[in-house]
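The next block holds one structure in the form of structure tokens; read it before the comments.
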Amino acid sequence: MNEAVFQSFFLIFTGAAIIASLAIYGRQPLLVAYIALGALIGPYGLGWVQDVHLLSEISEIGIIFLLFLLGLDLQPQSLMTALRKVTVVTLISSALFAAAGYLIAHLFGFNSTECLIIGAAMMFSSTIIGIKLLPTTILHHRHIGNMMIGLLLMQDFLAIFVLLVLLSGEGGQINVMQIGFTLLALPLLILFAWAFVRWVLLKLIAKFDRMGEYIFLLAIGWCMGLSELAEVVGLSREIGAFLAGITLASSPISQHIALTLKPLRDFFLIMFFFSLGAGFNLGLLPEIALASVALGGTMLILKPAIFRFLLGRQSEKKVLAWDIGFRLGQISEFSLLIAYVAFNASLISVQASHLIQAAAILTFLLSSYIVIFNFPNPIAVSERLRRN
């Protein structure tokens, strides 16, 4: 094994074990500890881990597994019901968040294109934090779980559309033909996935369901295979993974597959949060500190309030509406991807890209604190709130 790779893994996971232990004793959330570790030993901190780009690419597998497992927990009928309930709320809230992001960016002197992209990045909430801090019993069996999943999925679809627009850009030019081709590819991919699962995978599972190692391999192969196919046809690997999970949800051993893959998912998610902290250039912080605090702070206040109002108008109970609002009160990992893609396409400056990243990290940290100390979650520091 390459010595640098082994050294990086040693520093990440040994460091994560140490800092996680300190965080638990200090009653701090683990997500915060992983991000702090990345900032501390990454290239802009002590510099012990240098190749953050490679680690970031590896850690994206965790997001793919997260969406695959999310799909495994959803029956298609339940998904359609949830999406029907949240479509209007998602569209209105996303427009309001985008408008607020645009206005704040404009106040700090960014140009129109940068303001549009910064606004677009504010529309979404974090699937990773939202689902990771939601107890499994609530996720699977409660109305709040269905509502949150529906909201996050609708936001993910919007995020993917935004990414399609940005990925079609070369030097600031948008390729409308490429966008149209990609949108056409989505229903074709869904049809292929459904047919392949029905006529191939389910038959293999039924025949060899007692061979645990084979089922484990088959599940990973299907997840990765459809993810890569989605990338080839112009969609994202994340949506391919989600479709792979949904199409397998009807299998009688879908929950067995989900339980088997959860440790693998957590392994890569630790790397994701580490690379998030390590990839931030601390040298640019003085230039964007005020703007990032204004942007992130506004989202932390605005998102719970807007979700509370819109869900309340939709006849949801007040307590439930506030619960969902605070759980979705952060910016999304998709926002980080939007910043990366837009910067590479020369649509935004490095300052605008880091503004999105700084605001996202700020909301990740503070939103995690809010949920962990006030709402039921699997890693709560209080026994009263801890739910698995």
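Please determine, by comparing only the residues of segment 89-106 that are touching a residue at least 60 places away in the same chain (Cβ under 8 Å) and farther than 30 Å from G145 by Cα, which one is surrounded by the fewest Cβ atoms within 10 Å (Cβ to Cβ).
I104
Just a yes or no: is a residue in segment 301-314 within 18 Å of the chain's Cα centre (by Cα) and without any contact (Cβ under 8 Å) to a residue 24 or more places away in the chain?
no
If we keep just the residues of segment 245-282 that are free of Cβ contacts under 8 Å to residues at least 60 places away in the same chain and surrounded by 15 or more Cβ atoms within 10 Å (Cβ to Cβ), which is farthest from L37 (Cα to Cα)?
S251
Results for (1) surrounded by fewer than 19 Cβ atoms within 10 Å (Cβ to Cβ); (2) touching a residue at least 40 places away in the same chain (Cβ under 8 Å); (3) closer than 19 Å to L152 by Cα; (4) out of contact with any Gly (no Cβ under 7 Å at 6 or more places or on another chain), shown as yes or no for each residue.
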position	(1), (2), (3), (4)
E287	yes, yes, no, yes
L290	yes, yes, no, yes
K317	yes, no, no, yes
I324	no, yes, yes, yes
S332	no, yes, yes, yes
H354	no, yes, no, yes
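One residue is enough: does segment 301-322 have a residue meeting the conditions β-branched (V, I, T) and more than 30 Å from S349 (Cβ to Cβ)? Reasoning before the result, please.
Filtering segment 301-322 down to residues β-branched (V, I, T) leaves 301, 306, 319.
Checking the rest, the ones that are also more than 30 Å from S349 (Cβ to Cβ) come to 319.
Checked against the condition, which is being β-branched (V, I, T) and more than 30 Å from S349 (Cβ to Cβ), segment 301-322 yields at least one hit.
Can you find even one residue in segment 322-333 that is more than 28 Å from Q50 (Cβ to Cβ), of a type in the set (G, A, S) and under 18 Å from the mean Cα position of the chain (by Cα)?
Taking segment 322-333 as the starting set, the residues that turn out to be more than 28 Å from Q50 (Cβ to Cβ) are 322-330.
Pick out the ones that are also of a type in the set (G, A, S) and you get 325, 329.
Subset that is under 18 Å from the mean Cα position of the chain (by Cα): 325, 329.
Yes.
Cβ contacts < 7 Å: first residue more than 18 Å from L276 (Cβ to Cβ) and of a type in the set (V, I, T), restricted to segment 111-135; second residue modelled with pLDDT under 90 and outside any loop (DSSP other than H, G, I, E, B), any location; separation 6+ or different chain. Result?
That search, which allows pairs on different chains as well, returns I117/I338; I117/A342.
Whether any residue in segment 337-347 is without any contact (Cβ under 8 Å) to a residue 40 or more places away in the chain and surrounded by fewer than 16 Cβ atoms within 10 Å (Cβ to Cβ) is what I want to check. Outline the logic, then answer.
From segment 337-347, those without any contact (Cβ under 8 Å) to a residue 40 or more places away in the chain are 340, 343-344; that's our starting set.
Retained after the next criterion (residues that are surrounded by fewer than 16 Cβ atoms within 10 Å (Cβ to Cβ)): 344.
Yes, because at least one residue in segment 337-347 is without any contact (Cβ under 8 Å) to a residue 40 or more places away in the chain and surrounded by fewer than 16 Cβ atoms within 10 Å (Cβ to Cβ).
If I filter segment 1-50 down to residues being assigned to a loop (DSSP other than H, G, I, E, B) and modelled with pLDDT under 75, which single residue comes out as surrounded by the fewest Cβ atoms within 10 Å (Cβ to Cβ)? Break it down into steps so the answer makes sense when it comes.
Within segment 1-50, the subset assigned to a loop (DSSP other than H, G, I, E, B) is 1-2, 26-29, 42-50.
Filter again for modelled with pLDDT under 75, leaving 1-2, 26-29.
On the way: M1: 7, N2: 9, G26: 9, R27: 11, Q28: 18, P29: 23.
Top of the filtered list is M1.
The values are calculated or read from the model by the stated rules, or taken from the named source; none is laboratory data. Computed from a predicted structure; not experimentally measured. Note: ideal-geometry Cβ built from the backbone for every residue, glycine included; neighbour counts use all protein chains shown.
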